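Novice: One structure follows; several queries about it will come next.
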Amino acid sequence: GQYSDLQPTIDWFKGSFGRKSLSVHGGMNVAAVLSPLWADPAACNSGESPMACELRVNNPSIVIISEEEAWSGDVAKYGTYLRQVIESAIAQGMVPILATKADNLEGGNRIDALIASLAWEYDIPLWNFWESVQWLPTHGLSPDGFHLTQGYGYKNSYFDLPPVDWSGWMERNLTALQALDAARRELDMQSAP
């Protein structure tokens, strides 16, 4: 459909979409990805954080950093940990894409403002996911105001459905792909002779 121009990016990152991440699972937050206590002992080295393990095992060129899990409410602490995540990816020659979050549980969109300011400070791409869900009913959020709404099975991946059938997860999948596409195109332009 109207998003067929994304096929080259899907092809480019083939194998990246269906694998189980070593640094993403329920209950993790921006601090947990840096803690060896959350690492998968079957895949990660002793003392290795989930993020370090993910970057070592998969060696990505582009890293989407999307830290949306519940946290203590301390925006400054969130920023300290997010800086560590960003700097770790950059130090390994990876391009981080920072994602804003759909919820505003902290009030005043303070975390999204922090994320945007860090993207500016580090001169890295920003995926404004918050903006992308504003058109959805309940802004793509479940009644708890935190979790994204979900489609049913295949509906999370097919973007030719009428808008009434769209969910927060569908918008997340599409706009993540669009962010990857923009980053891939920019990197291709920079590497062209």
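Novice: Take the Cβ-Cβ distance between residue 91 and residue 138 as r, set R0 to 30 Å, and report the resulting FRET efficiency rounded to the nearest 0.05.
Specialist: Efficiency at R0 = 30 Å is approximately 0.15.
Novice: Quantify, in whole percent, the carbon and sulfur part of the accessible surface of the chain (1.4 Å probe; protein heavy atoms only).
Specialist: In the chain, the share of accessible area belonging to carbon and sulfur is 56 percent.
Novice: Right, next: Given Cα pairs under 8 Å that are at least 6 residues apart, what percent is the relative contact order of the chain?
Specialist: Computed over the chain, the figure is 18 percent.
Novice: Next up: In Å², and per residue, what accessible area does the chain have when probed at 1.4 Å with the other protein chains present?
Specialist: 55
Novice: Further, regarding this structure: Tell me, what ³J(HN,Hα) does each residue in the range 10-21 have, in order and in whole Hz, if you take phi through Karplus 6.51 cos²θ - 1.76 cosθ + 1.60 with θ = phi - 60° and put x for Gly and Pro?
Specialist: Rounded to whole hertz, the list is 4, 5, 4, 9, 3, x, 8, 7, x, 7, 7, 6.
Novice: Rounded to the nearest 0.05, what FRET efficiency do residue 83 and residue 116 give with R0 = 22 Å and r taken as the Cβ-Cβ distance? Could you check?
Specialist: Computed FRET efficiency for residue 83 and residue 116 comes out at 0.95.
Novice: While we're on this one: Which one, 130, 166, 120, has the greatest fluctuation when you compute a Gaussian network model over the chain with C-alpha springs under 10 angstrom?
Specialist: Most flexible of the set in this elastic network: 120.
Novice: According to the square roots a ≥ b ≥ c of the eigenvalues of the Cα gyration tensor, what is the shape class of the range 1-100, taking rounded for a/c under 1.5, prolate for a/b larger than b/c otherwise, and oblate for the remainder?
Specialist: Note, shape of the range 1-100 comes out prolate.
Novice: Pull out a ≥ b ≥ c, the square roots of the eigenvalues of the alpha-carbon gyration tensor of the range 33-79, then state rounded if a/c is under 1.5, prolate if not and a/b is larger than b/c, and oblate in the remaining case.
Specialist: oblate
Novice: If we count every other residue with Cβ under 9 angstrom of residue 75's Cβ, Lys/Arg +1 and Asp/Glu -1, where does the sum land?
Specialist: It works out to a net charge of 0.
Novice: Another one. Please compute P(r) over all alpha-carbon pairs of the range 72-165, binned at 5 Å starting from zero, and give each bin as a whole-number percent.
Specialist: Over the range 72-165, the share of Cα pairs per 5 Å bin runs 2, 12, 19, 20, 17, 13, 12, 5, 1 percent.
Novice: Quantify how much of the Cα-Cα distance distribution of the chain extends past 19 Å, in percent. Working shown, then result.
Specialist: Numbers: 11593 of 18528 pairs.
Tail fraction, whole percent: 63.
Novice: Next question, about the same structure. Any idea what diffusion coefficient the range 80-133 gets from Stokes-Einstein, in µm²/s, Kirkwood Rh on alpha carbon pairs, 20 °C, 1.002 mPa s?
Specialist: It diffuses with D of about 185 µm²/s by this estimate.
Novice: Could you list which residues have their amide H under 5 Å from that of residue 127, counting only those 5 or more apart in sequence or on another chain, with H placed in the peptide plane?
Specialist: 98, 99, 100
Novice: Around residue 63, which amide H atoms from residues at least 5 apart in sequence, or from another chain, sit under 5 Å from its own amide H, with H modelled in the peptide plane?
Specialist: 95, 97
The values are calculated or read from the model by the stated rules, or taken from the named source; none is laboratory data. Quick caveat: nothing in here was measured; it's all calculated off a predicted structure. Note that each Cβ is placed from the backbone with ideal geometry, even for glycine, and that neighbours are counted across all protein chains shown. Ligands, DNA and RNA are excluded from the accessible area calculation, which covers all protein heavy atoms including side chains. Shrake-Rupley method; radii C 1.70, N 1.55, O 1.52, S 1.80 Å.
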